[in-house]
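First the structure, in the form of structure tokens, and then the observations on it.
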Amino acid sequence: MEILIKPILTEKMTIQGEKLNRYGFIVDPRANKLQIKTAVEAMYNVVVEDVNTIRYMGKRKSRYTKAGLLTGRANNFKKAIVTLKSGDNIDFYSNI
């Protein structure tokens, strides 16, 4: 099971990373906090102090096209906010 799907690279999470040493990830919905903690520590060689998780329901979306009204739904996902030990940081932009 792939636990970490992708990091969250928004303006809000970048500010939290700089000021509060917190980083966000989209994670597997079945993963628990201990699995998320070990996955982040193994992948980035950092010490994780705290993990907060949030589950999101996908929003209903609809749009008008030539073929008529198309409806659908965005995917459900789980987000994890990881707080690192002071002095540790993750640089997502280093390998671009």
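Remarks
- Counted as qualifying within region 1-77 are no strands (runs of 3 or more DSSP E), as none has 3 or more residues that are among the hydroxyl-bearing types (Ser, Thr, Tyr), open to solvent by less than 60 Å² (accessible area, probe 1.4 Å) and closer than 19 Å to ILE90 by Cβ.
- Cβ separations smaller than 8 Å between residues 6+ apart or across chains give the following pairs from region 72-84 residues that are of a type in the set (Phe, Trp, Tyr) to residues that are open to solvent by less than 40 Å² (accessible area, probe 1.4 Å) and modelled with pLDDT under 95: PHE77/GLY58.
The values are calculated or read from the model by the stated rules, or taken from the named source; none is laboratory data. Treat the numbers as computed from the prediction; the structure is a model and nothing was measured. Backbone-built Cβ (ideal geometry, glycine too); neighbour counts: all protein chains shown. Keep in mind that these areas ignore ligands, DNA and RNA; they rest on the heavy atoms of the full protein, side chains included. Shrake-Rupley method; radii C 1.70, N 1.55, O 1.52, S 1.80 Å.
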